[in-house]
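The values are calculated or read from the model by the stated rules, or taken from the named source; none is laboratory data. Please read all numbers here as calculations on a predicted model, not as lab measurements. All Cβ positions, even for glycine, are placed from backbone atoms using ideal geometry, and neighbour counts span all protein chains on display.
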Amino acid sequence: MSLWKLIAYRFKIGVAGLTRGRISRKIARAVGLGGLIFIMVFLTMGAYALFAVLASLGQPGVAASAVIVLLTFNAILVLALIFDILTTTGIFFLSSDLSLLMAAPLPTSRVFAVKYLEAMASASFVSLLIGLPILVGYGIAAHASVVFFIALVVVTAVFITIPISVGTLCGMVVSRFVPAARVREVLAVLSGMIGLGLWIAVQVFKPAMARTADVENFSVRLQALAQGGTGGFLSMLPSRFPAEVLTSLAAGNLTRALPPLLWLVAISGVMLVASLVVAQRMYLTGWTRITPAGKRTRRIRRTGSPSRLWRFVPTVERSILRTTAHLFLRDPQQIMPVATLTIMMAILPFFMGRGSQFVGLRPGVVLFAAATLAFIGSLNLAMSAVVIDGRAFWWLLVAPRSSLRKLAAKSLVAVGFFVALTWALLAGFGATHVIGWKLALKAGWLSASSTILGASLGITIGLAFADWEWDIPKRMIKLAGRLALVLVGGAYFVVAGAVLGIFSSGSRGAVQPDVRWAHLVAIAAGSAVLAVTALLFSARRMDKMEWTL
Amino acid sequence: MLTLTNLTKRYGKFVAVDDLSLEVRSGELFGFLGPNGAGKTTTIKMICGLLRPTSGTVQIAGYDIQKEPLRAKAVLGLVPDSPVLYKKLTGREFVRFVGELYAVDAKTMARRIDDLLKLLDMAASADDIIETYSHGMKQKASLMAALIHDPKLVVLDEPTVSLDPRSAKIVKDVLKALCTMGKTVFMSTHILEIAERVCDRVGIINKAKLVAVGTTAELKSRSGEDGVSLEDVFLELTGGPEEEEVIKFLSS
């Protein structure tokens, strides 16, 4: 079979996966596609608005725009690189059609070529989804000609081969030393640690930045941003070439666009050839691990009977709670986002009070932040707590306990965690005198109400949109479920903003809410009613659930 | 112990199980046979309450699985066709989790877990994480979980698939022992030799319909010929290419 026929078959399978199936799935996919288009249009409009404002500021604004374009290409570079390392291992070593293709009378180099293209398509999708709308917005704001938009497509396509080539090479090397089945876990830990390190670095340098943060110095800051963004390490990355091509074309300067374009084509070409030759050799000679090894025995120390602290929780709920916690704690892919957030929150009180100009936090900000952290966090964690069982969820379905008890136990995971986290955070703020104890108590109460509501809604979304056959955490929930999470999150911000507005007694639009305990009790009662309704609805849905897997 | 009455499952126009009626007595080991896609797993899922019948009823120990699901599920243990377990738990933790869901008290559970681990030759790997288990070990862990609450009815979907001969023998012995203890076993299988050797009675399902029920001797005697095997009876009832056709195809 020729390479093109193989590619055509792979393409057909991909399209069939999207277009075939039950009508409900087709509708869900159509809604998902609509959502993606909406996000892209939203990003384009947002980028256009930002670049238009910057363009109106004259030379500093234009320079800042160039930095944003450069940063966009850097983001594409990093995202495509990470996604490629992640997908390389899966596509080259774990895909289900591999044994069929390898057993067929095909040259292995042809199988490699198909898999390489698959990895390219898969890895570039997310980065282009985010990057392209920003660059299109830039072109529209700059009133660029058609040449700019044609060049945008060409330059991006050429540029994306750089991270893909490097990513494939790295993926091959990583799969030599880390078994394919464990690569995602290792990378999850690494990315979490890098993210945390960057956040701490930002927090350490933040007070110094805050002292110069006033409106009068805005143009000075823009200039500083432009100088900082184009110098040092950033200037050494290949992202500067496509950025220079586009900024030159946006300014109508074709001659200036040519040298960086040639550099880009040359670098991409060299990287692509090197990757194809070296990675292919690594793959075909068996230098990398072909099988999903990593089935090494992993022994867990036996735990004794539950401590007295937990004995007040009924056995069934305690059992579901403990099992769900184990599923999170033993999977680095699941625990890293939660662990990173927890460490950030634990450190935050010590950073907040730093800086000579710190004057304390406004009550409205404290209440809103506490409630938002609790609501959004518990919404996502509770959703994951339901879906984390995956195909093993049927063990809960056949167990002779009411669905309400099972789901309540699942929601306790999120409620317990986020109530503890926000209360500890508020206590930290109180102890470091960032906020007063009275405000901390009110925020604690509000966050508890928000957590209960968020967890119940998370359970509802998880049960309704779970993809029980998920293999990696990002596929735990269907696209429609992700949209539901965004919609619920959006509705929360609208309602929370309205409530904050109602209680606001400050003048000139300043948020200085006068939230009394009576208000907080009313909010808690409303949240409890909604939470119970959502849980009852979910339990009813679970009772009627049919398990077809 | 298990009564299926006019059980039907439709998906739109497709009929997965058609008007199936069957009674399995206490202490009986019942084999449920049928070709691929005949409706075995759908029937088992309806018995366990994982699928809702389009019409008809399932009664387990006198409890209707649709009307009194909690009572019916309490006396039932299920071993599915593919052992889907919680891969990040250890075998011991997993069985304990299922036991707690079925409200088995701590002392009884500890004793039963130890007994089952020894019985199924799993003691050495009890504290290993399930994702490192082989398919056969997962199947055994699944069986342990199905038995931890001492169910009156055990339903198994292809329990010996992927098991080595020694493990398959252990499973067959366990199932026979359960019946001796008065438990009821409902087992689907493709392996006719197992059905012939182990089962008290068998039912054959083909194209969604139950086409025969009885002891293997009864089914063989129905064919009217001497020396027929259960395989002959099965192929006669479920169809399939004749030997001549196969030879003709291979030599063409």
Taking the stated definitions as given, is A:Leu530 surrounded by 17 or more Cβ atoms within 10 Å (Cβ to Cβ), in the same structural domain as A:Trp445 (by TED's automatic domain parsing) and either of a type in the set (A, V, I, L, M) or at pLDDT below 90 (or both)? no
Within region B:129-145, considering residues that are within 17 Å of B:Val98 (Cα to Cα) and within 8 Å of another protein chain (Cβ to nearest Cβ), the one modelled with the lowest pLDDT: B:Ile129
Would you say B:Thr90 is at the interface with chain A (Cβ under 7 Å from one of its Cβ atoms) and touching a strand residue (DSSP E or B) at 6+ places or on another chain (Cβ under 6 Å)? yes
Name the single residue that is farthest from the other protein chains (Cβ to nearest Cβ) among those in region A:396-416 being closer than 29 Å to A:Ala518 by Cβ and surrounded by 19 or more Cβ atoms within 10 Å (Cβ to Cβ). A:Val415
Quick one: A:Thr44 ticks every box in (1) touching a residue at least 40 places away in the same chain (Cβ under 8 Å); (2) over 16 Å from A:Leu129 (Cβ atoms) bar one, so which box is it? (2)
Where a residue in region B:189-201 is not assigned by TED's automatic domain parsing to the domain that holds B:Val213 and its partner, wherever it lies, is basic (Lys, Arg) and in a helix (DSSP H, G or I), with Cβ under 6 Å and at least six apart: none
Lone unmet requirement of (1) at pLDDT 85 or above; (2) under 24 Å from A:Ala371 (Cβ atoms); (3) outside any helix (DSSP H, G or I) for A:Trp547: (2)
Checked against (1) among the charged types (D, E, K, R); (2) within 16 Å of B:Ile205 (Cβ to Cβ); (3) within 15 Å of the chain's Cα centre (by Cα), B:Asp18 satisfies every condition except (3)
Unique match (being out of contact with any Lys or Arg (no Cβ under 8 Å at 6 or more places or on another chain) and not assigned by TED's automatic domain parsing to the domain that holds B:Lys40) among B:Ser223, B:Ser162: B:Ser223
So, restricting to helices (runs of 4 or more DSSP H) that lie completely within region A:364-471, which ones have at least 1 residues that are in contact with an Asp or Glu (Cβ under 8 Å, 6 or more places away or on another chain) and assigned by TED's automatic domain parsing to the domain that holds A:Arg318? A:394-398, A:403-431
Of all helices (runs of 4 or more DSSP H) completely enclosed by region B:179-241, which ones contain at least 2 residues that are modelled with pLDDT under 80 and among the small types (Gly, Ala, Ser)? none
Filter region B:94-109 down to residues that are facing another protein chain (nearest Cβ under 7 Å) and of a type outside the set (A, V, I, L, M, F, W, C) and give me whichever is farthest from the chain's Cα centre (by Cα). B:Glu100
Can you name the residue in region B:68-87 that is without any contact (Cβ under 8 Å) to a residue 12 or more places away in the chain and in contact with a Pro (Cβ under 9 Å, 6 or more places away or on another chain) and, of all such residues, is farthest from the other protein chains (Cβ to nearest Cβ)? B:Arg71
Restricted to region B:60-88, and to residues that are charged (D, E, K, R) and part of a loop (DSSP other than H, G, I, E, B), which residue is nearest to the chain's Cα centre (by Cα)? B:Asp81
Between B:Thr43, B:Thr57, which is part of a helix (DSSP H, G or I) and assigned by TED's automatic domain parsing to the domain that holds B:Lys209? B:Thr43
Run B:Gly37 past the list (1) within 23 Å of A:Trp395 (Cα to Cα); (2) within 17 Å of the chain's Cα centre (by Cα) and report the number of the one that doesn't hold. (1)
Tell me whether region B:159-168 contains one or more residues that are crowded, with 22+ Cβ neighbours inside 10 Å, free of Cβ contacts under 8 Å to residues at least 40 places away in the same chain and in a helix (DSSP H, G or I). no
If only one of A:Ile27, A:Ile13 is hydrophobic (A, V, I, L, M, F, W, C), in a helix (DSSP H, G or I) and either within 22 Å of A:Ala157 (Cα to Cα) or within 26 Å of the chain's Cα centre (by Cα) (or both), which one is it? A:Ile27
Kindly list the number of the only condition in (1) at the interface with chain A (Cβ under 10 Å from one of its Cβ atoms); (2) surrounded by fewer than 24 Cβ atoms within 10 Å (Cβ to Cβ); (3) closer than 29 Å to B:Ser125 by Cβ; (4) modelled with pLDDT of 90 or more that fails for B:Ile44. (1)
In this structure, is B:Asp114 surrounded by fewer than 20 Cβ atoms within 10 Å (Cβ to Cβ), away from chain A (no Cβ under 14 Å) and either in contact with a Ser or Thr (Cβ under 9 Å, 6 or more places away or on another chain) or closer than 27 Å to A:Arg301 by Cα (or both)? no
Can you tell me which of A:Leu132, A:Leu106 is of a type in the set (A, V, I, L, M) and not in a helix (DSSP H, G or I)? A:Leu106
Quick check: is even one residue across region A:351-358 surrounded by fewer than 16 Cβ atoms within 10 Å (Cβ to Cβ) and modelled with pLDDT of 80 or more? no
Given the condition among the aromatic types (Phe, Trp, Tyr) and at the interface with chain A (Cβ under 9 Å from one of its Cβ atoms), answer yes or no: does some residue in region B:51-67 qualify? no
Quick one: A:Gly481 ticks every box in (1) under 23 Å from A:Ala539 (Cα atoms); (2) among the small types (Gly, Ala, Ser); (3) modelled with pLDDT of 90 or more except a single one, so which number is it? (3)
A:Met102 fails exactly one of (1) closer than 16 Å to A:Met172 by Cα; (2) modelled with pLDDT under 80, namely (1)
